[in-house]
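What follows is a short report on a single structure.
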Amino acid sequence: MKSAYDVIIRPIVSEASMENMQDRKYTFQVAKGANKIEIKQAVEQLFKVEVENVTTMNVVGKYKRMGVHVGKRPDWKKAIVKLTETSKTIEFFEGMA
């Protein structure tokens with residue numbers, strides 16, 4: 001059984017994710033093997049909120065060059081979590097908006 005801390009890796013703080021906060025949508029980097037049900041349960045457990053919907057996407061890592069050497073950043077998984085209208089907001093994001 002995965003713990004909630006194994007599923008949610010970190011919050012994504014970007015301009016686009018900050019705009020989505022007005023629509024009660026929060027963005028997280030999650031474990032590659034996590035499914036929508038595990039993500040929903042982890043967010044509800046960690047932040048004590050009610051989740052309405054979870055959207056996931058696999059992000060392909062970029063290729064980077066340093067002179068003649070070529071490397072690749074790792075692939076990762078992103079989840080956008082939408083909260084219900086009756087749920088409270090996630091306090092972690094409050095000071096950033």
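Observations on the model:
- Selection within region 41-54 - surrounded by fewer than 15 Cβ atoms within 10 Å (Cβ to Cβ) and in contact with a helix residue (DSSP H, G or I) (Cβ under 6 Å, 6 or more places away or on another chain): Gln45
- Residue check, Val7 open to solvent by less than 100 Å² (accessible area, probe 1.4 Å), touching an Asp or Glu at 6+ places or on another chain (Cβ under 8 Å) and not polar (S, T, N, Q): yes
- The set of residues in region 67-86 that are assigned to a strand (DSSP E or B) and either in contact with a Pro (Cβ under 9 Å, 6 or more places away or on another chain) or of a type in the set (A, V, I, L, M) (or both) comprises Val70, Ala79, Ile80, Val81, Leu83.
- Out of Thr89, Thr84, one residue alone is of a type in the set (Val, Ile, Thr) and either surrounded by 17 or more Cβ atoms within 10 Å (Cβ to Cβ) or at pLDDT 95 or above (or both). It is Thr84.
- Within region 17-40, the set of residues being surrounded by fewer than 17 Cβ atoms within 10 Å (Cβ to Cβ), at pLDDT 95 or above and not in a loop (DSSP other than H, G, I, E, B) comprises Lys25, Gln29, Lys36, Ile37.
- Hits in region 1-16 - residues which are part of a helix (DSSP H, G or I) and among the hydroxyl-bearing types (Ser, Thr, Tyr): Tyr5
The values are calculated or read from the model by the stated rules, or taken from the named source; none is laboratory data. Keep in mind that this is a model prediction, so the values were computed, not measured. Counting neighbours? That spans all protein chains shown, and the Cβs are built from the backbone with ideal geometry, glycine included. For accessibility, only protein heavy atoms count, side chains too; no ligands or nucleic acids. Shrake-Rupley method; radii C 1.70, N 1.55, O 1.52, S 1.80 Å.
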